[in-house]
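Novice: Here you go, one structure.
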Amino acid sequence: MKYFSRSHNQSRNLRPPDLYEYFVDNFWFKSVDLENQKINQPLRGSHKADVVIVGGGFTGLSAAYHIRQKFPEKKIVLLEGACCGYGASGRNGGFCIGTDLLNKTSPADPEARQNNLDISFYGLNFIRRMISEHGVECDLEENGMLEVAFNEKHIRGLEEFRDHLKSFGLDSSLLRGDELETEIKSSRFIAGLKNPHGATLNPAKLAREMKRVVEEGGVDVRERSVVTRITPGKINRVDTELGDISAPIIVVALNAYSHKLGFFKNRVFPISVFQIATEPLSTSQLESIGWGNRQGLSDMRRMFSYLILTKDNRIVMGGAGGIAYYDNDALCSGNDKSFTQSITKDLFASFPQLEGLGIEHTWGGTTAYLLGERSPSVGVMGDHQNIYFGVGLSEGVPTTQTFGRIIADLMAGESNAFTNHSVVNHPIPYAGPTNLRGIFGRGVRWMWEKAG
């Protein structure tokens, strides 16, 4: 597979790629007091390492942790353009679903089925391990998921998902009427699937805490280190704004930002997903909507919404048509009032009893969209098979953690259930000419809105 191409930003005398933004009105960032946190010094001068990881999101941080566990003697340097967790890892909806890597059909062989379950739940179990072994604080609440239906078509989708979980021996419950109202109070929802296999968390807290853990393990984390060029070879060279570093092994953990450095340029759509955060709900407001079990809440529309309750009882909500496709050269993080206003409108359509509730934060985060099966891919590439990657992660905080484990296992040359999973070196479909991406994206969005 060749997923790397020389791009305009690799030519000399051109400005570096736009890998970060100055300010994002993100509630998660405020909750960790990001503005006053210590941000590490950038890479300066020329250096050498055994492994260089490009990207300080969940995939890069997890890779750093797992590689350190397998190779305690190696010098590992992680480069992040802004600060760890600044991209989509610290801007997402806070969902932590344990079933994202389950195969579409349950394997007939019991051992293969159990292996698939173990891999799918590895990410959530790893976060639990970070909490118990390293004192990570990330507001993890293991209350499960509740997926709701607006119409009969959605109910059939819930039934299919229930049967899918059952094929793996996982329980879930289809709720209607009074049973549903005990979980959530909205006349808009006619059914719901109660799925206990998931959690919610504060993603920015998790990212900043993972940074601490990998640093305590001896990984050299350099923030404010914008990578301007990667030159692959037997020894890879990575240039930053202020320095450079060479290593026989690199890990590209940039997801939707990968194309800025010439990787996956014709394979990945950069997408913006937008969120809002309300002011804290009062006791009476919470009672008016139910939601006493505090599950992660999402619906079955193609342009779906997803909501969680934060530790201080705010609603963080994303979706509701808040997905924008842009040409590859356009920066697509930050904020867009047309989308965040749409999300706000959708919130009050589901919960009119909350009308007047204040919206205190609105933000967007860049993530990746793939065509075809939309399966993410993790693996190794390059003429010397020394460039490891994880890409196509548009959903699933636990999946990013698992990808770090897979990268470390592949680096160690292991053959096991993780390195043999279907996501390893999963082919990434061609995404079409970059100058047509915006047109195609608007067409997809129009079809999804019609489909409901």
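Novice: May I ask for the angle, rounded to the nearest 10°, between helix 437-451 and the longest principal axis of the chain, with both axes built from Cα atoms and the value confined to 0 to 90°?
Specialist: Value to nearest ten degrees: 20.
Novice: While we're on this one: Can you tell me which of 268-275, 135-142, 31-38 comes out highest on packing, and rank the rest after it, using the mean Cβ neighbours within 10 Å?
Specialist: Ranked from most to least packed, the peptides come out as 268-275, 135-142, 31-38.
Novice: Moving on. Measuring from label point to label point, each 7 Å out along Cα→Cβ, what is the H134 to R212 span in nm?
Specialist: My value for the distance between the label points is 1.1 nm.
Novice: When only DSSP loop residues count, what chymotrypsin sites (Phe, Trp or Tyr not before Pro) in the range 23-55 have their Cβ near at most 12 other Cβ atoms within 10 Å?
Specialist: F23
Novice: Relative to the longest principal Cα axis of the chain, at what angle does helix 110-120 sit, 0 to 90 degrees, rounded to 10?
Specialist: Approximately 80 degrees, to the nearest 10.
Novice: With r as the distance between the Cβ atoms of N420 and K185 and R0 = 60 Å, compute the FRET efficiency 1/(1 + (r/R0)^6) and round to 0.05.
Specialist: Efficiency, rounded to the nearest 0.05: 0.85.
Novice: Using the alpha-carbon atoms, what tilt in degrees (0 to 90, nearest 10) does helix 152-167 show relative to the longest principal axis of the chain?
Specialist: 60
Novice: With +1 on each Lys and Arg Cβ and -1 on each Asp and Glu Cβ, how big is the dipole of the range 347-429 about its Cα centre, in debye rounded to the nearest 20?
Specialist: Dipole of the range 347-429, to the nearest 20 debye: 100 debye.
Novice: For the range 346-407 and the range 38-105, what is the separation of their Cα centres, given in Å?
Specialist: Using only Cα atoms, the two centres lie 14 Å from each other.
Novice: Now for a different question. Provide L43, L170, L254 in ascending order of the number of other Cβ atoms located within 10 Å of each residue's Cβ, fewest first.
Specialist: L170, L43, L254
Novice: What Kirkwood hydrodynamic radius do you get for the range 217-318 when you take the inverse of the mean 1/r over all pairs of distinct Cα atoms, in Å?
Specialist: 18.0
Novice: Further question on the same structure: What is the fewest-to-most order of K234, K75 by other Cβ atoms lying within 10 Å of their Cβ?
Specialist: By the 10 Å Cβ count, ascending, the order reads K234, K75.
Novice: Here is a further query. I want the local charge near T99. Using Cβ-Cβ distances under 14 Å, sum +1 for each Lys or Arg and -1 for each Asp or Glu among the other residues.
Specialist: Its environment carries a net charge of -3.
Novice: Next up: What aspartates and glutamates sit close enough to K48 to cross-link, taking a C-alpha to C-alpha distance under 13 Å and skipping anything fewer than 8 places away on the same chain?
Specialist: D220, D239, D244
Novice: How much length, in nm to one decimal, is gained on full extension between E395 and L354, taken as 0.36 nm per residue of separation minus their Cα-Cα distance?
Specialist: Additional length available on full extension: 12.0 nm.
Novice: Would the chain count as rounded, prolate or oblate if I go by the C-alpha gyration tensor, calling it rounded below 1.5 in a/c and otherwise prolate when a/b exceeds b/c, oblate otherwise?
Specialist: Judged from the Cα gyration tensor, the chain comes out prolate (a/c at least 1.5, a/b above b/c).
Novice: Tally Lys/Arg at +1 and Asp/Glu at -1 over every other residue whose Cβ is under 9 Å from the Cβ of D139; what's the total?
Specialist: 0
Novice: Also: Any chance you could run the full-extension gain for K104 through I39? It's 0.36 nm times the residue separation minus the Cα-Cα distance, nm to one decimal.
Specialist: Contour length minus the Cα-Cα distance gives 19.3 nm.
Novice: Once you compute Rg and the Kirkwood Rh from C-alpha atoms, what is the Rg to Rh ratio for the range 127-285?
Specialist: Across the range 127-285, the Cα-based Rg/Rh ratio is 1.09.
Novice: Which value results when the Cα radius of gyration for the range 121-181 is divided by 2.2 N^0.38 Å?
Specialist: For the range 121-181, the normalised Cα radius of gyration is 1.50.
Novice: Okay, moving on. In nanometres, what is the gap between the two model label sites at F71 and N293, each 7 Å from Cα along Cα-to-Cβ?
Specialist: Once both label points are built, they end up 4.5 nm from each other.
Novice: What does the highest-first list of 402-408, 425-431 look like by mean Cβ count within 10 Å?
Specialist: Top of the packing list down: 402-408, 425-431.
Novice: In the structure displayed, which of K194/K311; K211/K345; K30/K211; K2/K211; K104/K153 lie more than 27 Å apart, Cα to Cα?
Specialist: Going by Cα-Cα distance, K211/K345; K2/K211 fall outside the 27 Å limit.
Throughout, read-outs are computed from the coordinates displayed, never taken from laboratory work. Source: prediction; values computed, not measured. Every residue, glycine as well, gets a Cβ built from its backbone with ideal geometry; the counts of neighbours run over all protein chains shown.
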